[in-house]
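Structure first, commentary second.
The values are calculated or read from the model by the stated rules, or taken from the named source; none is laboratory data. These figures come from a predicted structure and were not determined experimentally. In this analysis, Cβ positions are derived from the backbone assuming ideal geometry, glycine residues included, and neighbour counts consider all displayed protein chains.
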Amino acid sequence: MKLWVGVTDKEWFDALARVAPDEVNFWQPSGSRNFRVLQPGEPFLFKLPARTTSSSAEATLALRGQIAQIAADAATPDGQRFGAEYLMRGRLGQGAFRVLVTDAYQRRCAVTGEKTLPVLEAAHIRPYAEDGPLLSLIEHGWAQWEGLLQSLGARGSETVCLEYCVASPKAGGNPSQTDAMVITDSLALAFEAKWTEPPDRQTVAKRIDRGEQDGADASDTVKGWLAHLQPFTARELRVDDFKDMIYQNVHRVASACAVAKANGLRPEVVYLHFHPSPGKSAATTVSYEDDLRKLHRLLGSPPRLGFRVVEMPLEPTPAFDAIKNLDRRVGTTTAAVKAALLRGPLFTFGRPITARI
């Protein structure tokens with residue numbers, strides 16, 4: 001077994017020891033690349049410097065600073081320092097989510113390119129509300145969710161990772177974000193949830209024509225995604241052959257393959273289409289089946305790479321009807337959707353129909 005021992009800052013160590021969190025993260029102030037010495041699951045041990053005492057001058061300055069801060073706080077009335085008290089339900093795994101997003105975007109802001117890690121914040125690219133059916137299914141329909149997983153071959157315990165990021169083949173490029181990555185002892189199930197998506201989706205050719213923000217050739221990015229697929233097919237994969245394929249399908253399948261290869265698992269891609277859609281011109285279950293069938297055939301119909309399309313009937317509840325017309329451009333809408341989701345089901349779900357490609 002391989003392990004790594006790193007030296008950490010005493011003040012950060014003491015701060016974590018005081019709060020005893022359930023998950024922590026450490027960062028390199030001058031780090032410009034991801035840490036790749038260890039594989040996921042191998043131990044990284046932290047130690048304090050050999051000498052952790054401060055000089056009397058440093059201790060005096062630190063004490064003066066603390067006294068000044070205490071005095072300033074004492075002179076400020078509570079009404080000016082704090083707002084109204086409220087209860088908050090914290091979402092689990094936020095530290096892990098930050099680490100995943102930070103690594104996927106190469107420790108830079110995806111918009112500005114800023115790389116000062118303490119000022120970066122991990123955020124959901126898509127509004128929280130857009131994943132409503134999937135989140136409601138997992139939150140309030142767990143028995144149906146578990147039944148679906150079992151019907152897809154997931155046996156025993158599983159790990160469910162929402163908005164799972166797989167880094168782009170291009171340094172600094174946008175990662176592939178899978179709505180739910182389910183990892184079992186034998187499978188890597190990549191779920192893509194659909195409900196309101198329009199039928200006109202971007203092809204690989206259009207993605208290449210759009211280019212990269214830094215002027216680089218986007219076909220190199222596509223080639224990188226195909227490299228994740230190559231170990232699971234006997235056919236040589238060339239970018240030109242995939243130009244008519246839906247780009248999202250390509251990098252989503254590549255994500256499943258990347259996770260599967262790294263963990264010695266079999267990849268499965270599942271498009272979970274909630275039906276009916278509230279949109280008049282949304283993509284249909286049949287259109288997802290056709291697109292994935294074309295891609296699977298182009299890959300040589302590999303037996304070790306499974307494609308499924310699941311149509312999940314759903315019926316909105318009164319709780320959803322109460323929020324469905326909220327303006328998505330208003331900042332309070334996301335908070336209202338979260339609150340509604342935590343209060344109770346937004347949907348009821350019927351019996352799923354699964355098609356194997």
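Listing for the model above:
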{"read-out": "Odd one out for Trp225 among (1) assigned to a helix (DSSP H, G or I); (2) of a type in the set (Phe, Trp, Tyr); (3) over 24 Å from Gly300 (Cα atoms)", "value": "(3)"}
{"read-out": "Selection status of Lys243, in the same structural domain as Val160 (by TED's automatic domain parsing), touching a residue at least 12 places away in the same chain (Cβ under 8 Å) and more than 28 Å from Leu137 (Cβ to Cβ)", "value": "yes"}
{"read-out": "Residues within the stretch 148-197 that are over 30 Å from Gly211 (Cβ atoms) and among the aliphatic types (A, V, I, L, M), tallied", "value": "12"}
{"read-out": "Some residue of the stretch 155-176 being under 23 Å from Asp290 (Cβ atoms) and out of contact with any Gly (no Cβ under 8 Å at 6 or more places or on another chain)", "value": "yes"}
{"read-out": "Single match in Ala180, Ala216, Ala254, Ala190 (criterion: among the small types (Gly, Ala, Ser), assigned to a helix (DSSP H, G or I) and either in the same structural domain as Pro313 (by TED's automatic domain parsing) or free of Cβ contacts under 8 Å to residues at least 24 places away in the same chain (or both))", "value": "Ala254"}
{"read-out": "Contacts under 8 angstrom Cβ, first residue in the stretch 138-159 being free of Cβ contacts under 8 Å to residues at least 40 places away in the same chain, partner assigned to a strand (DSSP E or B), 6 or more apart", "value": "Ala154/Val182; Ala154/Leu187; Ala154/Leu189; Glu158/Val182; Glu158/Ile183; Thr159/Val182; Thr159/Ile183"}
{"read-out": "Selection from the stretch 295-310 of residues that are touching a Leu at 6+ places or on another chain (Cβ under 8 Å) and of a type outside the set (A, V, I, L, M)", "value": "His296, Phe307, Arg308"}
{"read-out": "Tally of residues being over 30 Å from Glu315 (Cα atoms) and surrounded by 20 or more Cβ atoms within 10 Å (Cβ to Cβ) across the stretch 240-255", "value": "7"}
{"read-out": "Selection from the stretch 193-213 of residues that are over 30 Å from His275 (Cα atoms) and assigned to a helix (DSSP H, G or I)", "value": "Ile208, Asp209, Arg210"}
{"read-out": "Segments classed as strands (runs of 3 or more DSSP E), wholly inside the stretch 273-357, with at least 3 members that are buried (at least 18 other Cβ atoms within 10 Å of the Cβ)", "value": "306-316"}
